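Below: the structure, in structure tokens.
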Amino acid sequence: MIRTWLNPPRPEPLPVENRRVVVVEIVLVFTLTLGLSALRSLLSLVDSLLREQALADQRVALNVPQATNQVLDFLRQLLSATQLFAWGALGVYLLWRAGITLRRIGLDRDRPGGDAARAAGLAALIGIPGLAFYLVARAVGANLTVVPTALDHWWQFLTLPLSAFGNAWAEEVLVVGYLITRLRQLGWSENRTLVASAVLRGSYHLYQGFGGFVGNVIMGLVYGRVWQRTNRLWPLVLAHFFIDFVAFVGYAILRGRVAWLP
């Protein structure tokens, strides 16, 4: 049983005649979701590099106002989170249509305690060194100054957790559970699928600078390998949520009270 947990069964490679359909599906899914975000992120980095200011002197906010009216802004924040939930649900649905159940990708509810414990460990493993890496990257001029939230309304403490979970859900489902499974079905090796997943994760963080890209590639390599070994996706989703929740909500609470925060 332990051996099965550490080496879960892989899906069988698809017949050659069916692989073209999967390739088209992958292209469409990521054109509509995180792949398009990666292209926009690349253009954002190029724009930052063309400015006279150094990268570290430029700021990028992760959660920004989307309307001048508070009620409309609140509703648009909810819609943004809903879009992220839908992106992740699309990946789950397409795998389910292909005969791959929630249990096979580790989204069942059989091990809540173990999943939560592993999530806490992953969050600490990535979150604490990740903060140090960001500070170093910014200090050497390889990263923009990242502001977790530019929101300043009472309802941000409702929308920021939703944004954190939406990011975690969409990214881990699509970039790990969906993409790696589909690439396995195309006959790709474990290492090749891992690198593809990690580079994609890094690419849509390029708007933060080179440090954001490298840091998220490292995160992708760790998270992807953990999933390949355990086949449990909930720990990745929850760990990602914990990291974003602390960053978003913690910043909103401490902003203006801690001198070194931007």
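Readers should treat all values here as calculations from the given coordinates under stated rules, not as data from a laboratory. Note that the structure is predicted; figures quoted are calculated from it, not measured. Because the Cβ atoms are built from the backbone with ideal geometry, glycine has one as well, and the counts that use them run over all protein chains shown.
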### Query
Taking neighbour counts of Cβ atoms within 10 Å as a proxy for exposure, in what order, fewest first, do Trp154, Trp234 appear?
Trp154, Trp234
### Query
Whole-Å semi-axes of the range 28-93's equivalent ellipsoid, largest first, each the root of 5 times a Cα gyration tensor eigenvalue?
26, 21, 8
### Summary
Simple SL model, points at 7 angstrom along Cα→Cβ for Arg111 and Arg229; separation in nm is 1.2
### Centroid-to-centroid separation of the range 45-85 and the range 209-231 [C-alpha atoms, Å]
24
### Summary
Taking r as the C-beta separation of Thr101 and Val214 and R0 as 41 Å, the FRET efficiency to the nearest 0.05 is 0.70
### Query
Could you give the nm distance between label points at Val23 and Val147, where each point is 7 Å from its Cα heading toward the beta carbon?
4.5
### Query
Given H placed 1.01 Å from N in the peptide plane, which residues other than close sequence neighbours of Val147 have an amide H under 5 Å from its amide H?
Val60, Ala61, Leu62
### Ranked by how many other beta carbons lie within 10 Å on average, peptides 134-146, 103-115 from highest
134-146, 103-115
### Task
Please work out the FRET efficiency for the pair Ala124 and Ile253, using the Cβ-Cβ distance as r and a Förster radius of 22 Å; give the result to the nearest 0.05.
0.65
### Task
Taking all pairs of distinct Cα atoms, average 1/r, flip it, and tell me the Kirkwood hydrodynamic radius of the range 28-254 in Å to one decimal place.
18.1
### Task
Just grab the label-to-label distance for Trp188 and Leu135, each label 7 Å out from Cα along the Cβ direction, in nm (one decimal).
3.5
### Debye, to nearest 20: dipole size of the range 107-204, +1 on Lys, Arg Cβ, -1 on Asp, Glu Cβ
260
### Difference of contour (0.36 nm per residue) and Cα-Cα distance, Val246 to Leu32
74.2 nm
### Task
Divide by every residue of the chain the summed helix terms, -39500 (n - 2.57) for each DSSP H run of at least 4, and state the resulting mean residue ellipticity at 222 nm, rounded to the nearest 500 deg cm²/dmol.
-22500 deg cm²/dmol
### Message
Please compute the contact order of the chain in relative form: average sequence separation of alpha-carbon pairs under 8 Å and at least six residues apart, divided by the residue count, as a percent.
### Response
34
